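Read through the structure below, which is laid out as structure tokens, and then see the notes.
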Amino acid sequence: MRRDIRNRRRVLLAAVLLMLSSYAMALASADYAYRFALNTHGTIEAWRVELTPAVYAVSKRDAELRDLVVVNAQGGEVPFAPLPPAPPLSHPYSLNTRLLPLPGDNTNMAGNVRVQRSANGDIVIGQSPAGSTAKPTQWLLDARRAVSLDSIEIDPSALMQDLRVRLAVDASNDLQQWQTRSEGNDIVSVKRGEDAVEQRKISVGGDPARYYRLRLIDGDAPWDSQQTPAVSLSGSFTDPLADQAASRQWLTLSPSAAIATTGGGISYDYTLPAPLPVDAARVTLIDANTAARFTLSANDDGDVNAVSLTTVTVVQVGNAKPDSSASTFDSLRVQHLRLHTDTPLPQAPTLAVGWHADTFVFLAEGAGPYSLLAGSYAARRSDYPVDAALVKMRPTDATANWQPPLAVLGARSDAGGDAMLLPPKQPYDWSKPLLWLVLVGGALLVVWMALSLLKQSRRDNDQT
């Protein structure tokens, strides 16, 4: 008997918990219009979420993406915030080049040698006849771009005889201001028959720079002013603009309307699938041998409040491949774009817009599955110190660009429905009807009292 009672209690408790869980989920969902399932697997502590056009389409513009939350299986809101910016990607760098000798010694080099940069940044060394025969004690390197140089390795062909020299390395970005990066680098080459001892590598380090200078500190280098010893450079570099261009997503749009303007110009309207954070554009002309200058503007708020984004000049010569270069501008969340030109065109141009998806991260608090709730007139996400949590979660062997794994967004389904995007209905104001009822009731009461007094007065008169 007791065992049956215990089993019934357990079933009842489970039912109550299930009801509470469903009720909590319903409460969380009731504030938001739509739900997106998140595909997560494993026991990972944090997940990355990249927004899709479907999410931008339901998130209210004035909410600035704060009407987005992630909930667990119990309907509880979990810590969720924009992913902190990652440092620029570090790319490996290597270059085989040659040392450019600076003829003369440290005392008279300034008078005999002139070092300049060409239009593309290449080193140009000018020297007077007096300094051309002097043995160099300094050599220049052009890395072709700003790099964090780890090492300079001298080619074995430049060390054909026994030597020991000591070199220092300086760095510069303008060939005028130099900073010392390393000193006391010994270059050694000793050969005895089949036995050989060589030290050809120079350690550098330090901040990125394009130009490097080797200075002879001690010893006698075997290279004269006509020799350019071969060297190998290795290190790393960052290119944020190239990384941003590589990660940019593109949408190709056809015009939804063409509007003739005064003066012979024409405007073309384009509509994106959602208000996306656009930061680049490409315009392609359809007809050969055509040229036009366009002004691109955001037109979400009508012509009066249009925001100019960029000006693009496009030339299409014959059947040549269209120019793929993009015009970039500050990111702006926009859905309606207008392309205006004063040049009449036989056909409407094609507009391609580039955008970067906003990336968020959430902590896997509670049991999954997890869902992204989006779109609300009133509900706004709280601030969570997710960046501090990510610092503690970062694996000890992770690189500087480590990020949590991606949780893919699923299809959209209704949560609270479209009504959650609309202002709540104002409750009916009963104060005025009640006031009128009181006034009318009071008036009726006065009338009744007056009639009662009249009747009473008549009775009194009749009795007398």
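Condition check: within 30 Å of D287 (Cα to Cα), among the aliphatic types (A, V, I, L, M) and surrounded by 15 or more Cβ atoms within 10 Å (Cβ to Cβ). Does L390 satisfy that? When the stated conditions are applied, L390 does not pass them.
Only one of R215, R248, R166 is basic (K, R) and closer than 30 Å to R282 by Cβ. Can you tell me which?
Being basic (K, R) and closer than 30 Å to R282 by Cβ holds for just one of R215, R248, R166, which is R248.
Within the option set Q226, Q249, Q316, being farther than 13 Å from L351 by Cα, in contact with a Pro (Cβ under 7 Å, 6 or more places away or on another chain) and either free of Cβ contacts under 8 Å to residues at least 40 places away in the same chain or exposed (fewer than 15 other Cβ atoms within 10 Å of the Cβ) (or both) holds for one residue only, Q316. On inspection, Q161 does not qualify as at pLDDT 90 or above, farther than 21 Å from S236 by Cβ and either in the same structural domain as Y212 (by TED's automatic domain parsing) or in contact with a Lys or Arg (Cβ under 8 Å, 6 or more places away or on another chain) (or both).
Among residues of the stretch 308-328 being at pLDDT 85 or above and not hydrophobic (A, V, I, L, M, F, W, C), the one that is farthest from A352 (Cα to Cα) is S308.
When the stretch 243-258 is filtered for residues that are out of contact with any His (no Cβ under 9 Å at 6 or more places or on another chain) and either of a type in the set (K, R) or not in a loop (DSSP other than H, G, I, E, B) (or both), the ones remaining, listed by number, are A245, A246, W250, L251, T252, L253, A257, A258. For the stretch 176-199, check the following and say yes or no: at least one residue is under 35 Å from the mean Cα position of the chain (by Cα), modelled with pLDDT under 90 and on the phi > 0 side of the Ramachandran plot. So far as the stretch 176-199 goes, no, none of its residues is under 35 Å from the mean Cα position of the chain (by Cα), modelled with pLDDT under 90 and on the phi > 0 side of the Ramachandran plot. Filtering the stretch 133-169 to residues that are charged (D, E, K, R) and part of a strand (DSSP E or B) leaves D142, R144, R145, D150, E153, R164, R166. The residue pairs whose first member lies in the stretch 265-290 and is under 14 Å from A357 (Cα atoms) and outside the structural domain of N319 (by TED's automatic domain parsing), whose second member is basic (K, R) and crowded, with 16+ Cβ neighbours inside 10 Å, and whose beta carbons are closer than 9 Å, counting only pairs six or more residues apart or on different chains, do not exist in this structure.
Taken over the stretch 170-187, the criterion of being hydrophobic (A, V, I, L, M, F, W, C) and assigned to a strand (DSSP E or B) is satisfied by A171, I187.
Scanning the stretch 224-239 for residues that are in a strand (DSSP E or B) and either of a type in the set (A, V, I, L, M, F, W, C) or in contact with a helix residue (DSSP H, G or I) (Cβ under 8 Å, 6 or more places away or on another chain) (or both) gives A230, V231, L233, F237. For the stretch 212-223, a residue qualifies if it is in a loop (DSSP other than H, G, I, E, B) and loosely packed, with under 14 Cβ neighbours inside 10 Å, and exactly one does: D220.
Filtering the stretch 354-380 to residues that are closer than 20 Å to P85 by Cα and surrounded by fewer than 19 Cβ atoms within 10 Å (Cβ to Cβ) leaves H356, A357, T359. Determine whether the stretch 94-109 contains at least one residue that is within 30 Å of the chain's Cα centre (by Cα), buried (at least 17 other Cβ atoms within 10 Å of the Cβ) and modelled with pLDDT of 90 or more. Checked against the condition, which is being within 30 Å of the chain's Cα centre (by Cα), buried (at least 17 other Cβ atoms within 10 Å of the Cβ) and modelled with pLDDT of 90 or more, the stretch 94-109 yields no hits at all.
Taking the stretch 322-344 as the region of interest, how many residues are in a loop (DSSP other than H, G, I, E, B) and either under 22 Å from the mean Cα position of the chain (by Cα) or within 15 Å of N305 (Cα to Cα) (or both)?
Selection size over the stretch 322-344: 3.
The residues of the stretch 365-383 that are within 19 Å of E50 (Cβ to Cβ) and at pLDDT 90 or above, listed by number, are P369, Y370, S371, L372, L373, A374, G375, R381. Answer yes or no as to whether A326 is within 20 Å of P53 (Cβ to Cβ), touching a Ser or Thr at 6+ places or on another chain (Cβ under 8 Å) and in contact (Cβ under 8 Å) with a residue 40 or more places away in the chain. Considered against the rule, which asks whether it is within 20 Å of P53 (Cβ to Cβ), touching a Ser or Thr at 6+ places or on another chain (Cβ under 8 Å) and in contact (Cβ under 8 Å) with a residue 40 or more places away in the chain, A326 comes out as no.
Tallying residues that are loosely packed, with under 13 Cβ neighbours inside 10 Å and more than 14 Å from R48 (Cβ to Cβ) within the stretch 399-423 yields 9.
The values are calculated or read from the model by the stated rules, or taken from the named source; none is laboratory data. Keep in mind that this is a model prediction, so the values were computed, not measured. Methodologically, a virtual Cβ is constructed for each residue, glycine included, from the backbone with ideal geometry; neighbour enumeration extends over all protein chains shown.
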